[in-house]
1. Kindly establish whether Gly48 is closer than 17 Å to Leu72 by Cβ and in contact with a Ser or Thr (Cβ under 9 Å, 6 or more places away or on another chain).
2. Considering only the range 79-88, how many residues are part of a loop (DSSP other than H, G, I, E, B) and in contact (Cβ under 8 Å) with a residue 40 or more places away in the chain?
3. Restricting the first residue to the range 39-68 and requiring it to be closer than 21 Å to Gly19 by Cα, which pairs with a second residue that is part of a loop (DSSP other than H, G, I, E, B) and not small (Gly, Ala, Ser) meet a Cβ separation below 6 Å and a spacing of at least six or different chains?
4. Filter the range 1-19 down to the residues that are touching a Leu at 6+ places or on another chain (Cβ under 9 Å), in a helix (DSSP H, G or I) and open to solvent by less than 30 Å² (accessible area, probe 1.4 Å) and list them by number.
Amino acid sequence: MKKRNFIGRQVARLRNQHGWTQDAFADKLQVAGWLDATRSTVSKIEDGSLRIDLVQLFYLAAALRVHPIHFLPKMDWNKPVKAQIYSQ
């Protein structure tokens with residue numbers, strides 16, 4: 001099973017709430033410190049194909065002006081964690 005990031009949907013939702021295009025959001029990421037972020041980077045984050053490390057998570061949070069906890073999905077403690085992560 002290919003592992004994917006599970007924050008892409010949250011990133012896309014927050015970006016859209018700001019009314020930013022993927023290009024505009026890439027610019028915000030660069031200002032936040034992710035210097036090589038491009039529209040393609042944003043697209044890969046949002047479709048789940050780019051794995052995100054902890055530093056990148058903080059760049060995303062800074063650019064979107066949210067706490068990093070906002071990227072994590074709600075947990076249903078009655079279901080296995082693995083099933084929740086990979087169903088996102």
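1. Working: closer than 17 Å to Leu72 by Cβ: yes; in contact with a Ser or Thr (Cβ under 9 Å, 6 or more places away or on another chain): no.
It is false that Gly48 is closer than 17 Å to Leu72 by Cβ and in contact with a Ser or Thr (Cβ under 9 Å, 6 or more places away or on another chain).
2. Taking the range 79-88 first, the residues part of a loop (DSSP other than H, G, I, E, B) are 79-80, 87-88.
With in contact (Cβ under 8 Å) with a residue 40 or more places away in the chain added as a condition, the list becomes 88.
Result for the range 79-88: 1.
3. Lys44/Leu50; Gly48/Arg4; Gly48/Asn5; Tyr59/Trp34
4. Correct list: Gly8, Gln10, Val11, Leu14, Arg15.
The values are calculated or read from the model by the stated rules, or taken from the named source; none is laboratory data. Model, not experiment: these values are computed from the prediction. Don't worry about glycine lacking a Cβ; one is built from the backbone with ideal geometry, like all the others, and counts go over all protein chains shown. For accessibility, only protein heavy atoms count, side chains too; no ligands or nucleic acids. Shrake-Rupley method; radii C 1.70, N 1.55, O 1.52, S 1.80 Å.
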